[in-house]
Amino acid sequence: MGGRPSQGHTVVINTFCFGSGVGCPGYQPLEDNHLGRTLTHELGHFLNLQHTFGNNGGCATADDGIADTPKVGKFSEDCPVLGSVSGCVANEKALTMNYMDYVDDACMYMFTQGQTAAMKAYYNVISSQFVKDVFDKAPVVVTIPVQKKEFNIYPVPFGDVLNITFEKVPASCTIQVIDRIGRIVYEENDTQVKTEEKYDLSFLETGVYFLNLKFGNEEIVKKVSKL
């Protein structure tokens, strides 16, 4: 139990397995387990938590090692009424809403303080194994207001080609396309600017990008969408 990044351990979830399914033809997430709580559950295991019901072998082995989770002999399913499932100790009730049980996604919503402390302690053990700064950071962009609109960008949204036309042709033009996590995915510096410039951006994935445009000592950032 407990993931180790240094050994390649990770937790993933298929994007077709949660959400409404709208916009994903041919895929319909299964009801009751379609809210992404499977990911929460598996992250609990990654951070060294066991099931609240131990190994599901009855009260004799019903211990997850966490003091504030009542011992229960078996997993819960569906969406039981709170307080309706008895624990192994008299007058104790199962925390069926706990992320480390097996109830429907809509019916689980908590870790205990003990579980939280255990996860934090385990993270402190493995934190040095995580790779940091895995993408290049874009430089800080200082935007200088353009006093007069001397260019047009079209079409918006754009497809494979982005066009910029200039009412007043600048001596030079630098264009940077920056994705949503700050990576510069395209850059071109043109010292022989024409009235209309075309930029082939067909390699970009669909999504939102930022154009950082530099004209001499002027600079502006525009948000654009790629179809």
Criterion first (buried (at least 21 other Cβ atoms within 10 Å of the Cβ), among the polar types (S, T, N, Q), in the same structural domain as SER20 (by TED's automatic domain parsing) and at pLDDT 95 or above) does THR96 satisfy it? yes
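This table checks each residue for (1) of a type outside the set (A, V, I, L, M, F, W, C); (2) modelled with pLDDT of 90 or more.
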{"position": "GLY3", "(1), (2)": "yes, yes"}
{"position": "PHE16", "(1), (2)": "no, no"}
{"position": "LEU30", "(1), (2)": "no, no"}
{"position": "ASN33", "(1), (2)": "yes, no"}
{"position": "ASN48", "(1), (2)": "yes, yes"}
{"position": "GLY57", "(1), (2)": "yes, no"}
{"position": "VAL81", "(1), (2)": "no, yes"}
Does ASP64 satisfy the criteria of being in the same structural domain as GLY44 (by TED's automatic domain parsing), of a type in the set (Asp, Glu) and loosely packed, with under 12 Cβ neighbours inside 10 Å? no
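Can you tell me which residue is nearest to SER127 (Cα to Cα) among those in the stretch 26-48 that are in contact with a helix residue (DSSP H, G or I) (Cβ under 6 Å, 6 or more places away or on another chain) and of a type in the set (A, V, I, L, M, F, W, C)? Talk me through it step by step, then tell me what you get.
Within the stretch 26-48, the first condition is being in contact with a helix residue (DSSP H, G or I) (Cβ under 6 Å, 6 or more places away or on another chain), and the residues that meet it are 27, 29, 33, 35, 37, 47-48.
Within this subset, residues satisfying the condition of being of a type in the set (A, V, I, L, M, F, W, C) are 35, 47.
Working: LEU35: 28, LEU47: 11 Å.
Out of the qualifying residues, it is LEU47.
Would you be able to tell me the number of residues in the stretch 139-155 that are modelled with pLDDT of 85 or more and either surrounded by 13 or more Cβ atoms within 10 Å (Cβ to Cβ) or in contact with a Lys or Arg (Cβ under 7 Å, 6 or more places away or on another chain) (or both)?
Here is the first cut: in the stretch 139-155, the residues modelled with pLDDT of 85 or more are 152-155.
Narrowing further to those that are either surrounded by 13 or more Cβ atoms within 10 Å (Cβ to Cβ) or in contact with a Lys or Arg (Cβ under 7 Å, 6 or more places away or on another chain) (or both): 153.
The total comes to 1.
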Every residue from the stretch 72-114 that is closer than 19 Å to MET1 by Cα and touching a strand residue (DSSP E or B) at 6+ places or on another chain (Cβ under 8 Å): ASN98, TYR99, PHE111, THR112
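Here is a check on your reading of the model: is THR40 touching a Leu at 6+ places or on another chain (Cβ under 9 Å) and in contact (Cβ under 8 Å) with a residue 12 or more places away in the chain? Lay out the reasoning, then the answer.
Values: touching a Leu at 6+ places or on another chain (Cβ under 9 Å): no; in contact (Cβ under 8 Å) with a residue 12 or more places away in the chain: yes.
Answer is no for this residue.
The values are calculated or read from the model by the stated rules, or taken from the named source; none is laboratory data. Predicted model only: the values in this text are computed from it and were never measured. Because the Cβ atoms are built from the backbone with ideal geometry, glycine has one as well, and the counts that use them run over all protein chains shown.
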